[in-house]
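Following: one structure in structure tokens, then a few remarks.
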Amino acid sequence: VILATGSPGGSYETLGKQYAEFFAKKGVVLELMPTNGAQENLSRLSDRNDPVQAAFVQAGVAHPKTVTGIQSLGAIGYDPIWFFYRGAEVKRSDFEVIQGHAKYFANRKISVGVDGSGTHAQAMRVLKITGLDQTNIQLLNLPGEKAVKALKNGEIDGTFIVDAFEAPNIQALLTDPNVHLVTFRRAEAFVKLIPYLQLLKVPEGAFSLQRNFPSEDLRLVATTTNLLIDDRMHPAIQFLFLEAAREINGR
């Protein structure tokens, strides 16, 4: 059985390895297929000649109306929409887009993920819905791992990453004191305007009690990770995926 995961450093890579270990205990080989992300996963899964039979895909990733032959085994986790930036800390109000403009974004280099990835789909949806004028921003299409390195090295000013809290890429940035996290002050509005988004409340100190990070209660907006399969998959293998999801993601 072949499972499409995602790019290096992302939670889908880690999750895929956990699923492969679970399947191995049951005597079934689960082969992992690294990809550029959700869009590629959907394309491969919908191609009846492609060997991929299962994939992790974020809710909200656009797909052609003609896509058939795919079933969902359900949502298995949350992927918050994170925005990290480096340098001196900036007032949160500078990130708010009003009448197409936001003080922070002028003349900045911002990564929005590889075209075809879940990060790119969500980041562009968020920027579009705010009405941000993109003429003075340099939007770069870096995969998650490269975006993390570029941000740490000062080659870019900020990056969107849509991934789980446990993802190595997210942890690398959350634990870096030179990198700051911006949250959505108008989170409720985003959730209302983009129906598949969920509101997550993060209590003060939840990421690190020692650093008291975050230093106040935060609200994040998140999409969900869905486990999709080829509808020709044998019911016994479907059951194994459900069992794996219950054991691994049930927490």
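Residues in region 96-118 that are open to solvent by less than 40 Å² (accessible area, probe 1.4 Å) and not hydrophobic (A, V, I, L, M, F, W, C): 100, 104, 111, 113, 116, 117, 118. Residues in region 40-79 that are touching a strand residue (DSSP E or B) at 6+ places or on another chain (Cβ under 7 Å) and at pLDDT below 85: how many? Number of matching residues: 1. Within region 112-128, being in contact (Cβ under 8 Å) with a residue 40 or more places away in the chain, assigned to a helix (DSSP H, G or I) and within 18 Å of residue 85 (Cα to Cα) holds for 119, 120, 122, 123, 126.
When the strands (runs of 3 or more DSSP E) confined to region 1-95 are screened for residues that are within 30 Å of residue 139 (Cβ to Cβ) and either among the charged types (D, E, K, R) or open to solvent by less than 20 Å² (accessible area, probe 1.4 Å) (or both), those reaching at least 1 such residues are found at 2-4, 54-58, 70-86.
Filter the strands (runs of 3 or more DSSP E) completely within region 133-251 down to those with at least 2 residues that are of a type in the set (S, T, N, Q).
Numbers: elements: 138-140, 158-162, 179-182, 198-202, 218-230.
Filter on region 133-251 gives 218-230.
Among the residues of region 11-34, is any closer than 22 Å to residue 126 by Cα and out of contact with any Ser or Thr (no Cβ under 7 Å at 6 or more places or on another chain)? Yes, region 11-34 has at least one match.
The numbered conditions (1) in contact (Cβ under 8 Å) with a residue 40 or more places away in the chain; (2) touching a helix residue (DSSP H, G or I) at 6+ places or on another chain (Cβ under 6 Å) are all true for residue 97 except (1). Can you tell me which residue within region 226-239, out of those that are touching a residue at least 24 places away in the same chain (Cβ under 8 Å) and closer than 11 Å to residue 73 by Cα, is most open to solvent (accessible area, probe 1.4 Å)? The residue in question is 231. Filtering region 175-213 to residues that are out of contact with any strand residue (DSSP E or B) (no Cβ under 7 Å at 6 or more places or on another chain), among the aliphatic types (A, V, I, L, M) and either without any contact (Cβ under 8 Å) to a residue 40 or more places away in the chain or surrounded by 14 or more Cβ atoms within 10 Å (Cβ to Cβ) (or both) leaves 189, 194, 206, 209.
Can you tell me which of 103, 109, 149 is in contact (Cβ under 8 Å) with a residue 24 or more places away in the chain and not aromatic (Phe, Trp, Tyr)? Write out each step before concluding.
Values: 103 fails: in contact (Cβ under 8 Å) with a residue 24 or more places away in the chain; 149 fails: in contact (Cβ under 8 Å) with a residue 24 or more places away in the chain.
109 is the lone residue from the list that is in contact (Cβ under 8 Å) with a residue 24 or more places away in the chain and not aromatic (Phe, Trp, Tyr).
The values are calculated or read from the model by the stated rules, or taken from the named source; none is laboratory data. Just so we're clear, the structure is a prediction, and the values are computed from it rather than from any experiment. Note that each Cβ is placed from the backbone with ideal geometry, even for glycine, and that neighbours are counted across all protein chains shown. Note: accessible area is taken over every heavy atom of the protein model, side chains too, but ligands, DNA and RNA are not part of it. Shrake-Rupley method; radii C 1.70, N 1.55, O 1.52, S 1.80 Å.
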